[in-house]
Each structure stands twice: as C-alpha cells, then as structure tokens.
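Visitor: Okay, handing you the structure first.
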Amino acid sequence: DAGVIQSPRHEVTEMGQEVTLRCKPISGHNSLFWYRQTMMRGLELLIYFNNNVPIDDSGMPEDRFSAKMPNASFSTLKIQPSEPRDSAVYFCASSLGRSSTEAFFGQGTRLTVV
Amino acid sequence: DQQVKQNSPSLSVQEGRISILNCDYTNSMFDYFLWYKKYPAEGPTFLISISSIKDKNEDGRFTVFLNKSAKHLSLHIVPSQPGDSAVYFCAAQLAGNNRKLIWGLGTSLAVNP
C-alpha cells in the first residue's frame, strides 16, 4: 500500500484565495483525521471522520474551514478565504476503527498564505 | 493550556548511550498514551504505546514507562543510534466515546556518532 497520500505537498497562495487540500486514506481504513501543525500549538486535530461521517469537528478553527469525505477513498479540507495565520503544515491520517491510536499519517501539505 | 507537555524542546546524546524523552500530562481522563517519531518533511509514524493499566511496555530498543501518580511518562531508547535522530511526540488519548488524541509539542532528538 502506498500509505496516506496528500496533495499538494506545498501550496503558496495569496490572502483571500480559496485553498483545497486533498487526502487519500489507506484502503480499508475507516477513520480519517485532519491535523494542523504549527510551532506554537503543535499538532491539533481539526476534524475526524468515521465511515465517511464527521464525528468531531470541534477543532475546526472557524467557518472559513470546511472538510468533506464524499467516499471512503477521498477527503478534502477547504479554507475559504485563506489568511496568513492559516500558514501551517496540514496532515491527514487514517486508521482502522474509530480510535485515533496508531494512525498512519501522510507526508503533509505545507501551506503558506502571503 | 497544554494538557500534554514535553518540556525539553531538544536533546542530544552520543551513539550507543541511552536517550530518555519525558512527557507530563494534566488530565487524569487519559487512558492510553503513544509516542510518535517524525522525520523532516514526513508525517509522524507510530512508535510505541502504553495503556494506563500498565506501567511499562517494551519493544526492542524502545521502552515506555508510565507513572500515573506523577502523571508522567518517558520513552527510553537503548542503545541510541544516529537513525533515531528525529522529533518525538508524546500523545494521550481521552477515555470515552470521543477518544481524541492530545499531542505534546515534541522533543527533537539528535544522536551523535
């Protein structure tokens, strides 16, 4: 298995633009997690899905952030409009079962909003 | 307020010696603890875990110790190897239906040849 695949690896965009991050989880995994990593706050869970259904989105910072999982093999995290403070590395992870323990992470998307 | 704290941002040890990475937590509702390792430009990878009902778990060169009364856990790497140089994250899972993982900020380990 290729593991969790995220795209793009790097994204530079101007403030106010829409940004869409993509994730393909490991086949057979039924939980998917979106994390954001910053120097100040470390790794923060934004949202997680189980069987394509959002279970906990309490970590989503504000309405500018939205996430979807239309099927078991694809998820998106959208920021609209983007702001400089959204600059971070965004990770997607997947796991078997509802538990986030022993999740497998993608390589991340480094987002820079200028 | 950080519920999971890794107070040492960095650690440097000699190859062959023991590396000890520490983690403190404040929430007594955590029932499962994990260590992840992260290399630059890669996502974190699972290393080792421990349930709150245990005080030690060992996997090869890696051992995690849990002291519930002190709300402290540590990761021991013996012997340390240059390939162990990475950022190590401590994470704790809440008991109950949510089971969300709360992460520390990480400790950067450098193992010098």
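Visitor: If you go through the range A:70-114, how many residues are within 14 Å of chain B (Cβ to nearest Cβ), polar (S, T, N, Q) and assigned to a strand (DSSP E or B)?
Guide: Final tally of qualifying residues: 3.
Visitor: Mind checking whether some residue in the range B:70-83 is within 14 Å of chain A (Cβ to nearest Cβ) and either farther than 15 Å from B:S28 by Cα or out of contact with any Lys or Arg (no Cβ under 8 Å at 6 or more places or on another chain) (or both)?
Guide: Initial filter on the range B:70-83 (within 14 Å of chain A (Cβ to nearest Cβ)): none.
Scanning the range B:70-83, I find no residue that is within 14 Å of chain A (Cβ to nearest Cβ) and either farther than 15 Å from B:S28 by Cα or out of contact with any Lys or Arg (no Cβ under 8 Å at 6 or more places or on another chain) (or both), so the answer is no.
Visitor: While we're looking at this one, here's another question. Answer yes or no: is there a residue in the range B:8-27 that is within 14 Å of chain A (Cβ to nearest Cβ), crowded, with 19+ Cβ neighbours inside 10 Å and touching a Ser or Thr at 6+ places or on another chain (Cβ under 8 Å).
Guide: Yes.
Visitor: Please specify each residue of the range B:68-113 satisfying the condition of being closer than 16 Å to B:S52 by Cβ and of a type in the set (V, I, T).
Guide: If the condition is that a residue be closer than 16 Å to B:S52 by Cβ and of a type in the set (V, I, T), then B:I102 is the only one that fits.
Visitor: Could you grab me the full set of residues in the range A:2-35 that are closer than 19 Å to A:F65 by Cβ and basic (K, R)?
Guide: A:R22
Visitor: Still on this structure, please answer the following. Residues A:S58, A:S66: which one is surrounded by fewer than 16 Cβ atoms within 10 Å (Cβ to Cβ) and within 11 Å of chain B (Cβ to nearest Cβ)?
Guide: Numbers: A:S66 fails: within 11 Å of chain B (Cβ to nearest Cβ).
Step by step, each of A:S58, A:S66 is checked, and only A:S58 is surrounded by fewer than 16 Cβ atoms within 10 Å (Cβ to Cβ) and within 11 Å of chain B (Cβ to nearest Cβ).
Visitor: In the range B:9-42, how many are β-branched (V, I, T) and in contact (Cβ under 8 Å) with a residue 60 or more places away in the chain? Step through it out loud before you land on a result.
Guide: From the range B:9-42, those β-branched (V, I, T) are B:13, B:18, B:20, B:26; that's our starting set.
Filter once more, so that each one left must be in contact (Cβ under 8 Å) with a residue 60 or more places away in the chain: B:13, B:18.
The total comes to 2.
Visitor: Residues that are in contact with a helix residue (DSSP H, G or I) (Cβ under 6 Å, 6 or more places away or on another chain), touching a residue at least 24 places away in the same chain (Cβ under 8 Å), surrounded by 20 or more Cβ atoms within 10 Å (Cβ to Cβ) and farther than 23 Å from B:L47 by Cβ: does the range A:102-113 have at least one?
Guide: The initial filter retains those residues of the range A:102-113 that are in contact with a helix residue (DSSP H, G or I) (Cβ under 6 Å, 6 or more places away or on another chain), namely A:113.
Checking which are touching a residue at least 24 places away in the same chain (Cβ under 8 Å) leaves us with A:113.
Adding the requirement that they be surrounded by 20 or more Cβ atoms within 10 Å (Cβ to Cβ) leaves A:113.
So of that shortlist, the ones also farther than 23 Å from B:L47 by Cβ come out as A:113.
There is at least one residue in the range A:102-113 that is in contact with a helix residue (DSSP H, G or I) (Cβ under 6 Å, 6 or more places away or on another chain), touching a residue at least 24 places away in the same chain (Cβ under 8 Å), surrounded by 20 or more Cβ atoms within 10 Å (Cβ to Cβ) and farther than 23 Å from B:L47 by Cβ.
Visitor: Still on this structure, I have one more. I'm told B:Q93 meets every condition in (1) touching a Pro at 6+ places or on another chain (Cβ under 8 Å); (2) not in a loop (DSSP other than H, G, I, E, B) except one. Can you identify the failing condition by its number?
Guide: The failed condition is (1).
Visitor: What are the residue pairs meeting all of these: first residue in the range A:41-58, first residue under 12 Å from A:S95 (Cβ atoms), second residue β-branched (V, I, T) and not in a loop (DSSP other than H, G, I, E, B), Cβ atoms under 7 Å, and 6 or more apart or on different chains?
Guide: Close Cβ pairs (under 7 Å, with a partner that is β-branched (V, I, T) and not in a loop (DSSP other than H, G, I, E, B)) amount to A:Y48/A:I55; A:F49/A:I55.
Visitor: Looking for whichever is more than 14 Å from chain B (Cβ to nearest Cβ), in contact (Cβ under 8 Å) with a residue 24 or more places away in the chain and either in contact with a Gly (Cβ under 9 Å, 6 or more places away or on another chain) or not in a strand (DSSP E or B) (or both) here; the options are A:G16, A:G3. Which one fits?
Guide: Working: A:G3 fails: more than 14 Å from chain B (Cβ to nearest Cβ).
Criteria check complete, one pass: A:G16.
Every read-out reported here was derived from the displayed coordinates using simple, explicitly stated rules and does not represent laboratory data. A quick note: this is a predicted structure, and the numbers were derived from the prediction, not measured. Neighbour counts run over all protein chains shown; Cβ positions are idealised from the backbone, glycine included.
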